[in-house]
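Read through the structure below, which is laid out as structure tokens, and then see the notes.
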2 protein chains.
Amino acid sequence: MPTIRDVSKLAGVSVATVSRLLNKSGYVSQEAEKSILSAMRELDYSPNEVARSLAGKKSHTIALMVPDILNPYFPRIAKSVEREAEARGYNVLLCDSDHDPAKEERYFETLRRKKMDGIILASYSARPSGLRELLERDFPVVSVDNVFDADYPMLAVTADNRGGARLAVRHLAESGCRRIGHLRGPRGVYTAEERYEGYKEELLQSGIFEPDLIAQGDYSAEKAYSATLALLDRHPRIDGLFAGNDLMAAGALQALREAGRQVPGDVKVVGFDGLDMPLLAQELSTVSQPIDEMGATAVRQLADLIDGKPIERTERRLGVSLIVRGTTGVSSQDSLYP
Amino acid sequence: MPTIRDVSKLAGVSVATVSRLLNKSGYVSQEAEKSILSAMRELDYSPNEVARSLAGKKSHTIALMVPDILNPYFPRIAKSVEREAEARGYNVLLCDSDHDPAKEERYFETLRRKKMDGIILASYSARPSGLRELLERDFPVVSVDNVFDADYPMLAVTADNRGGARLAVRHLAESGCRRIGHLRGPRGVYTAEERYEGYKEELLQSGIFEPDLIAQGDYSAEKAYSATLALLDRHPRIDGLFAGNDLMAAGALQALREAGRQVPGDVKVVGFDGLDMPLLAQELSTVSQPIDEMGATAVRQLADLIDGKPIERTERRLGVSLIVRGTTGVSSQDSLYP
DNA sequence: GTGAAAGCGCTAACAC
DNA sequence: GTGTTAGCGCTTTCAC
């Protein structure tokens, strides 16, 4: 593999000049530039980014930490993060913690060793100690769709979970539901708590809050399925259901179907996320998050952090919107496909 | 940040000894080990992987190139690749080409600069010139779910697409279908051609092959939706449909529903992939690929390539299996959820 | 405008 | 068993 030295020799200049041209730093005369360029072409030179990183103290790589890339929410995040990152000259290292705190900690150490320029944290484990250490070292980290407590001082990009939940529940109430259940996400997970709060607030305000209509889920369709069956068993007359995310809404729909409940006739259902899953997306009323924008915003914030630019807000909360479809009463014949 | 030199000083040994311990290469005495370990702890030392890469000629990172991480097939690949890679000490750089040849080429150049140890290619663009260059330089590359022609000599891990297609079509025929259509994948894409061939072979053998029952899709649900509507228009009496992948099957199901066709009553449908999408996975009969195994196998092959181990087979073809569910006649009440 | 040279933090001979 | 030292390929002062 040809090196910068080979190029400099062939071009009859010094490595410093080649480096200047490469990085567009400092002056390089027309003729020097010409001969360097042709030397590069002739040698098929390609700068060694590893050496650049070592000397220049920047790896031009950021890490994306997710709990499970199979959860369709995260490919959405990954897509937008990758896009924005690539556009800004960063590459993305995919870290799937697999919901395993040990693996996550392993990754934090790896990221430190690999001198990542920053981390987009789309994971939501409790209190990763590796993360605390990184933060103490002023490692640039931006959290997406999650807000940590004060022990973990970092930027966060989130959606308006509380407001979205209220939108969803209000819509159910306005559609005539009086017994509105909630299939909530895991305890201690920020978004789950926020959505639960929104649900509660709205119903409290309407005077129809009933704590026993809440079922515990873990953001997975499987758990949602069984939790919904149990909920139906306890409260056969439930007529509305706000699921903490679309995946759980899918599990709930399956359970409702098997329990012989008509949707939206007997029970109306609203999800959260606005994922674009085949079949599901045709039917499910949901609260849509601007996931792409969240990913892109996170990268932008991270890039500013890395560049040492002043950060105006430490928390960015993006708006959500209600999408009304078949599971709350509109004809399910409507198609998303053009 | 403390360096290996700081550790060696504090431990009262040379950097070489520390390096030996770090890499478990060469002998290190008990006492040296002890003092080094405590020095590391005291300094909170973390080896600089960038420097290791430069000196040691290995980045311990592989790239995963996908055309679109939003297509649910690719998170499956990503998951298994990441898992196997992490277990073997490699990290994974996510490269989403976005179906854009220019972006893909940009990535090939980047991967060369970043000294990736290898590439898992789950992309399927025609003839990337950047890839040819990498191959010429003996860059380790393993292709998943795709086989390139002889100009691109590399290992490949695929599923038995042809056999799977025959399984699907035979199942439709045995279920009583006589006019079996095919919603095929994009021209020139290896898996699409293979599945098409299998479809054709099986029907030719049964004596019910009819070329006009073939509709062109592009592996997306949207295109499948419109192509299916057009197909139904041309051939209202179609009674079976083999979709080239599950995403297209989803689009087809939507079209059939809107066209007023009963599934599986009027038309039976089989997909390909065995994706685990909410709702869809409850109903769709499909040919299941061992995606996890394909990803893991690809990483294993790649690791062997990187380590210079002898490769026994340049092409690995994994078996598939038919999963019969609601869209070919079994009660759609069956649930995948426990 | 350009070049010489000192690192960046680590590995790997090679010598002891 | 351990230490010395020459790189790995690049960036970046600092002179000229």
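Using the per-residue mean of other Cβ atoms lying within 10 Å as a proxy for protection, in what order, highest first, do the peptides A:198-205, A:313-320 fall?
Values: A:198-205: 19.2, A:313-320: 14.6.
Highest to lowest by the protection proxy: A:198-205, A:313-320.
Indicate, rounded to the nearest 5 percent, the antiparallel portion of the DSSP beta bridges found entirely in chain A. Could you put the intermediate results ahead of the total?
On the way: 3 of 37 bridges.
Among the beta bridges of chain A, antiparallel pairing accounts for roughly 10 percent.
Considering every residue in B:75-82, what mean count of other chain Cβ atoms within 10 Å of its Cβ is obtained?
On the way: counts 10, 2, 1, 8, 6, 0, 2, 6.
Average neighbour count from other chains, rounded to a whole number: 4.
Quick one: work out the % antiparallel among DSSP beta bridges in the protein assembly as shown, nearest 5. Walk me through the numbers before you get to the answer.
Details: 9 of 77 bridges.
Taking every DSSP beta bridge within the protein assembly as shown, about 10 percent pair in antiparallel fashion.
Pick out, in residue order, every one of the trypsin sites (Lys or Arg not before Pro) in region B:36-120 that is DSSP loop and has at most 10 other C-beta atoms within 10 Å; say none if there are none. List each step's numbers first, then the result.
Details: sites: B:41, B:52, B:57, B:58, B:76, B:79, B:83, B:88, B:103, B:106, B:112, B:113, B:114, B:115; in loops: B:57, B:58, B:88, B:114, B:115.
Taking region B:36-120 and a limit of 10 other Cβ atoms within 10 Å, the loop trypsin sites (Lys or Arg not before Pro) found are B:57.
Which one, B:197, B:42, B:258, has the greatest fluctuation when you compute a Gaussian network model over chain B with C-alpha springs under 10 angstrom?
The residue that fluctuates most here is B:42.
State, as an integer percentage, the relative contact order of region A:140-216 based on alpha-carbon contacts under 8 Å between residues 6 or more apart. Mind dumping the intermediate values first?
Values: 89 pairs, mean separation 23.9, N = 77.
After rounding, I find 31 percent.
Using Cα springs under 10 Å in a Gaussian network model of chain B, which residue among B:91, B:23, B:146 shows the largest mean-square fluctuation?
Between B:91, B:23, B:146, it is B:23 that shows the largest mean-square fluctuation.
Considering only the label points, 7 Å along Cα→Cβ from Cα, what distances in nm to one decimal separate residue A:2 from the same position in each other copy, shortest first?
Result for residue A:2, in nm, nearest copy first: 4.4.
To the nearest µm²/s, what D does Stokes-Einstein give for chain B at 20 °C and 1.002 mPa s, using the Kirkwood radius over alpha carbon pairs as Rh?
On the way: Rh = 22.4 Å.
D = 96 µm²/s.
How much mean residue ellipticity at 222 nm does chain A get from its helices, if each DSSP H run of length 4 or more adds -39500 (n - 2.57) and you divide by all residues, to the nearest 500 deg cm²/dmol? Walk me through the numbers on the way to the answer.
Working: 13 runs with 153 residues, N = 338.
Rounded to the nearest 500, the figure is -14000 deg cm²/dmol.
Can you give the convex hull volume of the alpha carbon atoms of region A:1-56 per residue, in Å³?
Details: hull volume 3.9 nm³, N = 56.
Cα convex hull per residue, to the nearest whole number: 69 Å³.
Tell me the Kirkwood hydrodynamic radius of region A:1-119 in angstroms, computed as one over the mean inverse distance between distinct C-alpha pairs. Each step should come with its number before you reach the end.
On the way: mean 1/r = 0.0597 Å⁻¹.
Here the Kirkwood hydrodynamic radius works out to 16.8 Å.
Taking 0.36 nm per residue of separation and subtracting the Cα-Cα distance, what length does fully extending residue B:315 through residue B:293 add?
Numbers: separation 22, 0.36 × 22 = 7.92 nm, distance 1.43 nm.
Extra length available between residue B:315 and residue B:293 comes to 6.5 nm.
Along each of the three principal axes of the Cα atoms of region A:190-338, give the extent in whole Å, ordering the values from largest to smallest.
Result, largest extent first: 58, 40, 28 Å.
Size of the dipole of the protein assembly as shown about the Cα centre, Lys and Arg at +1 and Asp and Glu at -1 on the beta carbon, nothing else charged, in debye to 20?
On the way: 86 positive and 98 negative charges, 234 e Å.
About 1120 debye.
Residue by residue through A:249-257, how many Cβ atoms from other chains fall within 10 Å of the Cβ on average?
Numbers: counts 2, 7, 4, 0, 3, 7, 2, 0, 5.
Shielding by partners across A:249-257 averages 3.
Work out the count of Lys pairs in chain A where the Cα-Cα distance is under 24 Å, with the pair 8 or more places apart or on different chains.
Within chain A, the lysine pair count is 25.
Which distances, shortest first and in nm, link residue A:211 to the matching position in the other copies, using label points set 7 Å out along Cα to C-beta?
7.2
Sorted from shortest, what are the nm distances separating the label point of residue A:26 from equivalent points in the other copies, each placed 7 Å from Cα along Cα to C-beta?
Values, ascending and in nm: 3.5.
In Å and from the alpha-carbon atoms only, list the Rg and Dmax of region B:131-183.
Just the Cα atoms of region B:131-183 yield Rg and Dmax of 17.5, 54 Å.
So what's the Cα pair-distance distribution over the protein assembly as shown, bin width 10 Å, in %?
3, 14, 22, 23, 19, 11, 6, 2, 0
Summarise the partner chain shielding of B:50-57 as one whole number: the mean count of Cβ atoms from other chains within 10 Å of each residue's Cβ.
Details: counts 14, 6, 4, 7, 7, 2, 0, 1.
Average per residue, whole number: 5.
All of the numbers you see were taken from the coordinates with simple rules; none came from a lab. Keep in mind the model is a prediction, meaning the values are calculated, not measured. When we count neighbours, we look across all protein chains shown, and the Cβ atoms used for this are built from the backbone with ideal geometry, even at glycine.
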